[in-house]
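The structure appears right after this line, and notes come after that.
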Amino acid sequence: MSAYRRRLVRVLAVGVLAGVLPGLGGGVASAGDGVGRAGGAGGERLADFTRQKLTWERCAADKPAAFRCATLKVPLDYRVPEGKRIDVAISRVETSVPGKRRGVLTFNPGGPGGPGLDLPLEASQGLPRAVREQYDMVGFDPRGVGRSTPVKCGLAAHELPYPRVTRTTGDAAANEAWARTFAAKCRAAAGDRLPHMTTRNTARDMDLLRAVLGEKKLNYFGVSYGTALGAVYMQLFPHRADRFVLDSAVDPKRMWRGMFRVWAPEAERAFRRWAKWTAGQDATYHLGTTPAAVERTFRKLVARADTDPVVIGDAKLDGAAVRNALRPAFFTVRMGAEAVVQLKNAAEGRAVRELPRTEQPGDNEVASQLAVVCADAPWPRDPGTYRRDAFRDGARFPLYGDFASSITPCAFLPRGAEPATVVDNHVKALIVQNEWDSQTPLVAARGMHRALAGSRMVTVDEGEGHGVVFGEVRNSCAENVAMGYLSTGVLPARDVTCRAAPGQGRAEAAPRAFAGR
């Protein structure tokens, strides 16, 4: 796998209308839901924005000269476009070939809170020639993220992690205090912007970008949260959406607390599958010869860590930390088995290798993520609701239920300025999904498929990991369908099932779709 392709894998795996209204010239049109036929953002009211001239400059001295960046001005509140303006950082690599050019292909890597400014450069190096020749690659940092008038709350490192364990009334009280403090800091630092940090407004920003670039339609590749952004764009601008690929999909009806809470039952399913697979590999991992024995081994490790935390390097893990760390690993059975062996060895005093170092998200990434999920949809305002849910779900789903239902700062942050966008349309799109995805489970992708009645879905049977097309475990069947759709615009006649083997290692050889032909 090339360095560029590895980078693309990391960047893209962060961690998302039946009646069509006519377009309004070359400006931004919206189907709207509760803010008028043009979403309060159509026609001449946006003329100053749609007619702005972009100044393209080299993105960085250490990046190729063809990688160009500019700043797009957008309204903070599209209902009041004459009000405050904010910046959206955009980027472009022109890869299309005259005579073959179809338009632009833009990206979102997930999050919310994931920056996308570097994606055109990575895509221009990693996508097949048949795709590159048709599109100029366009990226952007979504509003509030990175170089796009970033939302920052001045949070200390210990205030950033969430969800948080809620096993006792003491935990619940401490978490409520944390959520109140988090929200108070964000209100003080960015309170006027928080109600407008919505997926709906980011979709409007995307359409403004399309208009300023002089494109009639938009092509799009979104991963994880990026699927939610793509679906909302399709809802607001159905006549502007061309070829849309949604990889590892969010369920629009679960945005957003429901997407957190679905992790609990899905983790139990993954855990049972992992235990069965690991029992069949006892000669390698020595964790038990039956699924029940493997499960007991893990439960004992958690209980032991609660009384005597597991120390690996400078990391000290109690039982809750072990559960939190291992939840995503169980969806990739080999990874889960290796992680449990390492933790078990450390708990028993045997030498182990250091835990992989992962870059912790910073203030802007966490603040912008919560700004979006809190403003997109209503959240319970009563702390007691979270406490009761966490206790009940912790008992029902012992691996992760208490985490998944715990309180977040959304209980105390401002509500969004507009109602949530209901996704329900017939616009064509391609959804690709692994069966065993830890962040956006298969049940969520099926929800997206139902909401997008014009979509086709590619499911990788026994596929593991978050992100299919640029996933760590490659699947040429799914990738060829996705790249074929981007290059031809032809959706499969029906939904497609691709195959994968559980526990397979990472594939280093690129399939034909990514061979740069």
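Readers should treat all values here as calculations from the given coordinates under stated rules, not as data from a laboratory. None of the values given here were measured: they were computed from a predicted structure. Here Cβ is always computed from backbone atoms with ideal geometry, including for glycine, and neighbour counts include all displayed protein chains.
From the alpha carbon centroid of region 399-453 to that of region 191-270 is 10 Å. The modelled label-to-label distance for the pair residue 350/residue 147, using points 7 Å beyond Cα in the direction of Cβ, is 4.9 nm. Take the Cα of residue 296, step 7 Å toward its Cβ, do the same at residue 282, and the gap between the two points is 1.1 nm.
Among 289, 278, the order by Cβ neighbours within 10 angstrom, fewest to most, reads 289, 278. Using the Cβ-Cβ distance between residue 446 and residue 47 with R0 set to 45 Å, the FRET efficiency from 1/(1 + (r/R0)^6) comes to roughly 0.60. When only alpha carbons are used to place a centre, region 120-176 and region 283-305 end up 34 Å from one another. Taking the number of Cβ atoms within 10 Å of each Cβ as an exposure proxy, the fewest-first ranking of 224, 476, 487 is 476, 487, 224. Rg ratio for region 386-462: its Cα radius of gyration over 2.2 N^0.38 Å, N being its residue count, equals 1.44.
For region 440-508, which GluC sites (Glu not before Pro) are both in a DSSP coil and crowded by at most 13 other Cβ atoms within 10 Å? Each step should come with its number before you reach the end.
Numbers: sites: 462, 464, 472, 479, 508; in loops: 472, 508.
Here the sparse-neighbourhood loop sites are 508.
Taking Lys and Arg as +1 and Asp and Glu as -1, the other residues whose beta-carbon sits under 13 Å from that of residue 258 total -1. Among 327, 299, the order by Cβ neighbours within 10 angstrom, fewest to most, reads 299, 327. Spacing of the modelled spin labels on residue 426 and residue 359, each 7 Å from Cα toward Cβ, amounts to 4.4 nm.
The slack between residue 189 and residue 158, meaning 0.36 nm per residue of separation minus the straight C-alpha distance, is 9.3 nm. One chain, two ends: residue 307 and residue 87. Fully extended at 0.36 nm per residue, the span grows by 74.2 nm beyond their Cα-Cα distance. The string of couplings for region 148-154 from the Karplus curve (6.51, -1.76, 1.60, θ = phi - 60°) is 9, 6, x, 8, 9, 10, x Hz, one whole number per residue in order, with x for Gly and Pro. Please work out, to two decimal places, the log10 of the ratio I(q)/I(0) at q = 0.09, 0.11 Å⁻¹ from a Debye calculation in which every Cα of the chain carries one identical scatterer. After summing over all Cα pairs, the log10 values are -0.64, -0.96.
Once the Cα-Cα distance is subtracted from the 0.36 nm per residue extended length, the residue 325 to residue 395 segment shows a gain of 23.3 nm.
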